[in-house]
Structure formats: C-alpha cells, structure tokens
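A.B. asks: Quick one: structure below, then a few questions.
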Amino acid sequence: MDGADLKEFAGRYTSAWCSQDAASVASFFSADGSLTINAGPPAVGRRAITAAAQDFMTAFPDMVVACDGVTMDEGAAIYHWTLTGRNTGPGGTGRDVCISGYEEWIIGADGLIAQSLGHFDEADYQRQLQGR
C-alpha cells in the first residue's frame, strides 16, 4: 500500500470508528485479523473485533475519533488517533474523555489489517473517567 492509499484507508477507518457501526470497523480487518488493545487479549476475527469496537461505541455514544496521521515504519503502518467523547453509556461516569494513541498495523495480502496492536495511556484514561 503506497502513502496515498494508506492515507485514504486511514481516513475511511477513522470514519468507521465515528459511525457507531462496529461492524464497519471490523470490515477493515482480514477475516482472521486481530486487534489487541494495550497488550490485552487479542480480539481475533471480525465478530470479536466488532464486539471490541462496540464496547467503545456503547461507552461513548457521541464518540469522535480523529486521525492524527499515518506513517510507515519498518513494514508496519502506524495510525495515530485521538478519541473524544462523554462516557454516558450504561454504567458510565458521565465524564468527558480525550485520549490519544496509536495502532501498529500489519497489512495483509488482501489489503486489509491482518494485525493491529493498539496503544494508549490507560492510567490517563482511567483518571479522566473518574474525573481526577
């Protein structure tokens, strides 16, 4: 995937995260692709990735994800993002959250994400959720 294609792919992926349609996020992954968030257990396959995306969408019904840039680094695409929203989903704290992070993507032969390793500051996220 060249730079222009990668930027366009990242833009569509960002729109999927903002859509409140978790399956649209999963459609960017290979059928057996995986999404790992902060070294947690990987969500493998589109059904599991849909569930992982839905967790964020449910917690943040007004969630907006912005693409802060996408680059290539040693064979992996690095997708930088910022998520903003109010935690008003079931059991939510009602607090506003603004967190930035990145995903390291390995793009498969099918042109979709075969593996994504996501990273953000969990301690800062929890602090914002609790209003500290």
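Coordinate-derived values only; no laboratory data. What you are looking at is a predicted structure, and each value in this text was computed from that prediction instead of being measured. Reconstructed Cβ throughout: ideal geometry from the backbone, glycine too, with neighbour counts over all protein chains shown.
A.B. asks: If you count the DSSP beta bridges with both ends in region 3-130, what percent of them are antiparallel, to the nearest 5?
C.D. replies: Numbers: 28 of 33 bridges.
Restricted to region 3-130, the bridges split so that about 85 percent are antiparallel.
A.B. asks: Please build a GNM for the chain, connecting alpha carbons under 10 Å apart, and tell me which residue among ALA66, ALA39, ALA51 fluctuates the most.
C.D. replies: ALA39
A.B. asks: Follow-up question, since we're still on this one. For region 66-74, just list the computed ³J(HN,Hα) in residue order, Karplus coefficients 6.51, -1.76 and 1.60, θ = phi - 60°, integers in Hz, with x standing in for Gly and Pro.
C.D. replies: So the J values, rounded to whole Hz, are 10, 7, 8, x, 9, 9, 9, 8, 6.
A.B. asks: Which is farthest toward the positive dipole end of the chain among GLY131, MET63, LEU83, measuring Cα position about the Cα centre, with Cβ charges +1 (Lys, Arg) and -1 (Asp, Glu)?
C.D. replies: GLY131
A.B. asks: For SER34, SER116, SER100, what's the fewest-to-most ordering of other Cβ within 10 Å of each Cβ?
C.D. replies: On the way: SER34 19, SER116 24, SER100 15.
Least crowded to most crowded, the residues run SER100, SER34, SER116.
A.B. asks: Restricting to DSSP loop positions (anything but H, G, I, E, B) with no more than 15 other Cβ atoms inside 10 Å of their own Cβ, which GluC sites (Glu not before Pro) remain in region 27-132? Write down the numbers at each step before the final one.
C.D. replies: Working: sites: GLU74, GLU103, GLU104, GLU122; in loops: GLU74.
Sparse-neighbourhood loop GluC sites (Glu not before Pro): GLU74.
A.B. asks: Kindly express, to the nearest 10 degrees and within the range 0 to 90, the angle between helix 46-59's C-alpha long axis and the longest C-alpha principal axis of the chain.
C.D. replies: Taking Cα atoms only, the helix is inclined about 30 degrees.
A.B. asks: Separate question: What's the exposure ranking of SER19, SER30, going from fewest to most Cβ atoms within 10 Å?
C.D. replies: On the way: SER19 15, SER30 18.
If I rank by nearby Cβ atoms, fewest first, I get SER19, SER30.
A.B. asks: Grab the eigenvalues of the alpha-carbon gyration tensor for the chain, scale each by 5, take roots, and send me the semi-axes largest first in whole angstrom. Let's see the in-between values first.
C.D. replies: Working: eigenvalues 121, 48, 36 Å².
Ellipsoid half-lengths, sorted descending, are 25, 15, 13 Å.
A.B. asks: Kindly list the residues of region 1-39 that lie in the label zone of GLN54, defined by a backbone N under 15 Å from the point 7 Å along the Cα-to-C-beta vector.
C.D. replies: 20-27, by backbone N distance to the label point.
A.B. asks: Then there's this: Most exposed first by the Cβ proxy, i.e. fewest other Cβ within 10 Å, how do ILE113, ILE107 rank? Each step should come with its number before you reach the end.
C.D. replies: On the way: ILE113 24, ILE107 21.
In order of increasing Cβ crowding within 10 Å: ILE107, ILE113.
A.B. asks: Would you mind pulling out the separation of the Cα centroids of region 78-101 and region 102-132, in Å?
C.D. replies: 12
A.B. asks: Treating each Cα of region 49-100 as an identical point scatterer and ignoring solvent, apply the Debye formula and state log10 I(q)/I(0) at q = 0.23 Å⁻¹.
C.D. replies: -0.86
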